[in-house]
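J.: Pasting a structure below so you can have a look.
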Amino acid sequence: MAEPVLEVHDLRVTFDTEGGLVPAVDGIDFSVAAGQTLAIVGESGSGKSVSSAAVMGILPSNAEVKGEVLLDGRELVGLPSDELRKIRGNDIALVFQDALSALNPYYTVGWQVAEAYRLHHDVSKKAAFQRAIELLDKVGIPDAARRAKSYPHEFSGGMRQRVVIAMALVNDPRVLIADEPTTALDVTVQAQIMQLLADVQEEFGTALVLISHDLGVVAEVADDVLVMYAGRAAERGTVRDLFHRAAHPYSLGLLGAMPRIDVPPRPRLTTIPGSPPSPGSIKTGCPFQPRCAYTERVGERCITERPELTPRPGEGDHEAACHLGRRPEAVV
Amino acid sequence: MPDILWFIIRRLLATVLVMLALSLAVYLIFYAIPADPAHLACGKPCTPDRLEQARHFMQLDQSTIQQYLNFLKGIFAGRTFGEGAAAVHCNAPCFGYSFPLARPVTTLILDRLPVTASIAVGAAVLWLIIGVSLGVVAALNRGRPLDRLAVGVALIGVSTPSFLLGLLAILVFGFWLNMVPVNGYVPFSESPVDWAWHLVTPWLVLAVLQAASYIRLTRAQMLEELNLDHITTARAKGAGEARVVVTHGLRGALVPIVTLFGLDLGGLLGGAILTEKVFSMQGLGELLISAVGQLDVAVVVGVTLFSAFLIIVANLVVDIVHGALDPRVSHG
Amino acid sequence: MSSSVAGAVSPTRQALHRVRRDRSARVGLGLVVALIVVAAASPLLVKLSGQDAFTYHIDLLDPARGNAPQGSFGGVSGEHWFGVEPLTGRDLFSIVVLGLRTSLTIAIVVTVVTTVIGTLLGITAAYVGGWFDAILSRLLDFLFGFPQLVFMIALGIIVPAKVPRTVLLIGVLSVFGWAGLARLIRAQARSLVTREFVEAARSVGSSGWWVITRELLPNLLGPVLVVATLSIPGYIGAEAALSFLGVGVPPPTPSLGRSISDSIAWVYTGTDPWFMVFPGIALFVAVLGFTLLGDGVRDAFDVRLRRTH
Ligand SMILES: Nc1ncnc2c1ncn2[C@@H]1O[C@H](COP(=O)(O)OP(=O)(O)O)[C@@H](O)[C@H]1O
Ligand code: SF4
Ligand SMILES: [Mg+2]
């Protein structure tokens, strides 16, 4: 397997809030290699956005980050802010969910893309603007030279997301983190944006971390998948591992509980009864236990002992954090 | 571009209408009051004959509406009271004639304006700088001692009547410490140094008090602004903290600050009444108060209308600037 | 959407709860309660001190110092808790507490008047729309264009003396005061009018009055309360400023602004700085208390006031 560009080890994020310490991310690992796509899936509130913000080093000041974030083997956690600043938007770039609020309403889109370029290249404003137009054109904005002078509110949702992607790509980043890049868009536009990301990745060999709700999209574009639940990894493996031999009851729930190799999984995330616990509220045992349909088969252990990510025998790098030894079947 | 032109033209027309309504209202109110300007002008002994003469000379024997029309005409074409050698001319734009002071109101206003403008503009520049920078500092240090300090200072500032602080400043810096002149105004053309030296205390007093509202406004706006997603985008691009705060944060907070500033300055230019009284300066406010004392209705009407004019112009400028500052207003 | 009707009471209660938890709002509330108690009980307090605001005590003055009060702190003593006024020897404690009563009475009456007028007109304009709204909007533009202080000063002297000054003051402050509230409420009410629950009420044939009082008003309680509380310190300041300029309440009614104005010469010559200290502090505390409370109420209701004046 290719050398990973981005490696994350035992990442922990704790927020210091008025209501006490909130362990939003509680020890996760993942890695992604050039040209590869890692998908992170999980219900909202499971710590996906916080993880990506931690990798970028853009969490608010009440957050404490522990663990390792390695970019080409270089440790980013604890790097002086000036060093980090040079990496942000340059080596690692972020695409946000809501492009309208992610763009500054007071500046033209060309200016904003050019700004991202100027922050990392010593060029004239004019040259940077030229570069911005080039990128806007590349992400498929028609008449880019003219549209570069328009403001965000003058674009449609899909076009805005293209602008955000152009802004993220303007410095040829090694890693692109896309945090639910299509959630705010309608279906046809979603497909266009995903195609755009795939094209970009192919052309530049970018490593892509795709945070998504849409398992259909994940099945199509991802190489590896990380399933997060309550700030922890529930399951990790290749896209094949997840869709054809999911090992964690939570993943099964997400997939609509159809763990059969010969039947294609349902593409949409199905709802699981109950709601995820707030971070840190479950101190012992398995965080998924209150909602788990398999806990009775395991018994006591689910409440007393926290399941750690363990390799599935004979399934390569496929890992799951569940006491249930054999593969769970669907519970009807 | 034509959009904004249309916008300005529409606003200008509305402004003219409001001015007309204002002038009529002011005119009717003040001329309906039983105090008879002719009575004061007729001298002693005031025989009915002489009174009638005075009324005729001052054109007070005409109907109120006729007088108002004369007044309007005077603004564009000037007016002449009486005939022959005794005639008094009031050149366009004539905003009335003060018989007690034997000067056209326009001249009086223009004579006094530099005093008021010196006070207002100097103080405005100071309070804008003090208020906005402290507001930003407070927002960036939310909840910390520096923020508490700024908020406390602002609170004391908004709670202190300007005349009280002015009197205290004169007492402490003028009388006790003997540092600054205690009253009077020196024209800039006579001695710029003396001009500034006499204005330092009123500037500071006004600036400190007014800055209080700007600290509060800027702080609130910045807190709101810095929470927006596009601020995170700026960080994710690799922008340094100063750039994030000023170029992206303050830019968005600008509109309400500029709005408040325009209206405050417009209001103050029409007469820094309290400050002029406390510091014994012969500005527009002082002109008005003494005119009121002498029942010099022409001056009262003139100054009132002039102040109203400034406020309306300030509103107009603020709206135009708002359009220029917020592309969502000016661009569709 | 109907929950926003049913929930109309509980947000208010939540907000009040928040006011109670906010420390500076609590201080403000404490100050305001104390100020109101003092002002309301001022005749009693004055009687308790055994003084009144009108009797001259020439014997307590020092002719050698231009009739400044004898003794330290402006003549503070067991009888005269804040000392006496220079030149006349009137009891300063009585003048200050009665002056405070004057200030608060005017400010609160004006606030009530402007709040009622501003709210009703603002809501009605938003609900009725059409020509009523157009006329009100122009009237608001007109009032905002008016140089208020200038105008108040001019009126203060020109209006015949037979109109009681206090009434004139309240009238003039009210005429200009309601506009800001009306504009804000109109804007907020307009966004409500288009909401489903109002349209639903309309479609089942509820009368305009019913919709306004039962649907719109409860939902606008927060902003109304916030603006009303925040405007009180403004009126206290305005009354003091006008009295300071000599066009407020006339003597012998005690007034903080006038006392401060009277004190200027005594302060500058250093003969009796205390003459300014007591009314000055009273005025400062009055504005401070209501400002703190107003801030607390605003934060509790989380109301955004655009175009802050
Ligand atoms: N600034 C913050 N302060 C405190 N808690 C936070 C903060 N940001 C996020 N959280 C908490 O972290 C958890 C994970 O949030 P997030 O990463 O946004 O979830 P998602 O998986 O939907 O992206 C949530 O429970 C959220 O409440
Ligand atoms: S550990 Fe127990 S509770 Fe947790 S997912 Fe596995 S079976 Fe369910
Ligand atoms: Mg998220």
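Each reported figure results from applying straightforward, stated rules to the coordinates on display, with no laboratory input. All of these numbers come straight from a predicted model, not from anything done at the bench. With ideal geometry, Cβ positions are generated from the backbone for all residues, glycine too; neighbour counts draw on all protein chains shown.
J.: Show log10 I(q)/I(0) for region A:99-172 at q = 0.13, 0.18, 0.22 Å⁻¹, two decimals, from a solvent-free Debye sum over equal Cα scatterers.
T.: Summing over Cα pairs of region A:99-172 leads to -0.29, -0.56, -0.85.
J.: Further question: Quick one: in region B:106-325, what % of C-alpha pairs are over 24 Å apart? Mind showing how you got there, number by number?
T.: On the way: 12324 of 24090 pairs.
Across region B:106-325, Cα pairs with separations above 24 Å total 51 percent.
J.: Work out Dmax and Rg for region A:24-158 from the C-alpha atoms and quote the Rg first, both in angstrom.
T.: For region A:24-158, the Cα-based Rg and Dmax read 17.0, 47 Å.
J.: If amide H atoms are built 1.01 Å from N in the plane of the peptide, which residues on other chains or at least 5 residues away come under 5 Å of the amide H of A:Gly67?
T.: Hits under the 5 Å cutoff: A:Arg12.
J.: What whole-number distance in Å separates the alpha-carbon centres of region B:247-283 and region A:1-69?
T.: Using only Cα atoms, the two centres lie 48 Å from each other.
J.: Can you give me the relative contact order of region B:106-325 as a percent, contacts being Cα pairs under 8 Å and 6 or more apart? Intermediate values should be presented prior to the final figure.
T.: Details: 270 pairs, mean separation 64.1, N = 220.
With pairs under 8 Å counted, the relative contact order is 29 percent.
J.: Net charge near B:Ile289: determine it from the other residues with C-beta under 10 Å of the C-beta of B:Ile289, scoring Lys and Arg +1 and Asp and Glu -1.
T.: Working: positive: B:Lys277; negative: B:Glu276, B:Glu286.
The answer is -1.
J.: Write down Rg/Rh for the protein assembly as shown, rounded to two decimals, with Rg from the C-alpha atoms and Rh from the Kirkwood relation over Cα pairs. The partial results should precede the final answer.
T.: Details: Rg = 35.5 Å, Rh = 33.2 Å.
Answer for the protein assembly as shown: 1.07.
J.: Given H placed 1.01 Å from N in the peptide plane, which residues other than close sequence neighbours of A:Arg312 have an amide H under 5 Å from its amide H?
T.: For A:Arg312, the qualifying residues are A:His318, A:Glu319, A:Ala320.
J.: Another question, if that's okay. Return the loop-located trypsin sites (Lys or Arg not before Pro) in region B:100-185 (DSSP other than H, G, I, E, B) with at most 16 other Cβ atoms within 10 Å of their own Cβ; answer none if there are none.
T.: Values: sites: B:Arg112, B:Arg142, B:Arg148; in loops: B:Arg142.
Hits after loop and neighbour filter: B:Arg142.
J.: From the phi of every residue in region B:261-276, what ³J(HN,Hα) in whole Hz does the Karplus formula 6.51 cos²θ - 1.76 cosθ + 1.60 yield, where θ is phi - 60° and glycine or proline is x?
T.: 4, x, 5, 4, 5, x, x, 6, 5, x, x, 7, 3, 5, 4, 4
J.: For the pairs A:Lys48/A:Lys138; A:Lys126/B:Lys237; A:Lys138/B:Lys237, flag any whose C-alpha to C-alpha distance is greater than 21 Å. Intermediate values should be presented prior to the final figure.
T.: Numbers: A:Lys48/A:Lys138 29 Å; A:Lys126/B:Lys237 19 Å; A:Lys138/B:Lys237 19 Å.
Distance filter (> 21 Å) returns A:Lys48/A:Lys138.
J.: Within region C:145-188, which residues have the backbone N less than 13 Å from the label spot 7 Å out from B:Asn183 along Cα→beta-carbon, could you tell me?
T.: None, by backbone N distance to the label point.
J.: Does anything in region B:294-326 have its amide N under 19 Å from the 7 Å Cα→Cβ label point of B:Leu12, and if so which residues?
T.: Under 19 Å, as judged by backbone N against the label point of B:Leu12, lie B:309-324 of region B:294-326.
J.: Placing +1 at every Lys and Arg Cβ and -1 at every Asp and Glu Cβ, with all other atoms neutral, what dipole size does region A:99-172 have around its Cα centre, in debye to the nearest 20? Kindly include the intermediate steps, with their values, before the conclusion.
T.: Values: 10 positive and 7 negative charges, 29 e Å.
Here the size comes out at about 140 debye.
J.: Something else now. Based solely on C-alpha atoms, express the radius of gyration and the Dmax of region B:187-286 in angstrom.
T.: 18.9, 56
J.: Could you go through region A:306-315 in sequence order and give the Karplus-derived ³J(HN,Hα) for each residue, using 6.51 cos²θ - 1.76 cosθ + 1.60 with θ = phi - 60°, rounded to whole Hz, and x for Gly and Pro?
T.: Karplus-based 3J(HN,Hα) across region A:306-315 equals 6, x, 9, 5, 10, x, 7, x, x, 10 Hz.
J.: Could you give the size of the charge dipole of chain A about its Cα centre, using +1 on the Cβ of each K and R and -1 on the Cβ of each D and E, expressed in debye and rounded to the nearest 20? If you can, show how the numbers build up before the last one.
T.: Numbers: 33 positive and 44 negative charges, 118 e Å.
In total the dipole reaches around 560 debye.
J.: Apply 1/(1 + (r/R0)^6) to the Cβ-Cβ distance of A:Asp223 and C:Val27, taking R0 = 51 Å, and write down the FRET efficiency to the nearest 0.05. Show your work: numbers first, answer last.
T.: Details: r = 60 Å, r/R0 = 1.18.
The computed FRET efficiency comes out at 0.25.
J.: Find, among the trypsin sites (Lys or Arg not before Pro) in region A:55-158, those assigned to loop by DSSP (not H, G, I, E, B) with at most 16 other beta-carbon atoms within 10 angstrom.
T.: Details: sites: A:Lys66, A:Arg74, A:Arg85, A:Lys86, A:Arg88, A:Arg118, A:Lys125, A:Lys126, A:Arg131, A:Lys138, A:Arg146, A:Arg147, A:Lys149; in loops: A:Lys149.
Here the sparse-neighbourhood loop sites are A:Lys149.
J.: So what are the ³J(HN,Hα) numbers for region B:131-141, from phi and the Karplus equation (6.51, -1.76, 1.60; θ = phi - 60°), rounded to whole Hz, Gly and Pro as x?
T.: Per-residue couplings from phi come out as x, 5, 5, 5, x, 5, 4, 4, 4, 5, 10 Hz.
J.: Now a separate question. Considering amide H positions built from the backbone, and no H for Pro or chain starts, which residues 5 or more places from A:Met228, or on another chain, come under 5 Å of its amide H?
T.: A:Val41, A:Gly42, A:Ala234
J.: Over the Cα atoms of chain A, Rg to Rh with Kirkwood Rh, two decimal places?
T.: Numbers: Rg = 20.5 Å, Rh = 20.8 Å.
Checking Rg against Rh, the ratio lands at 0.99.
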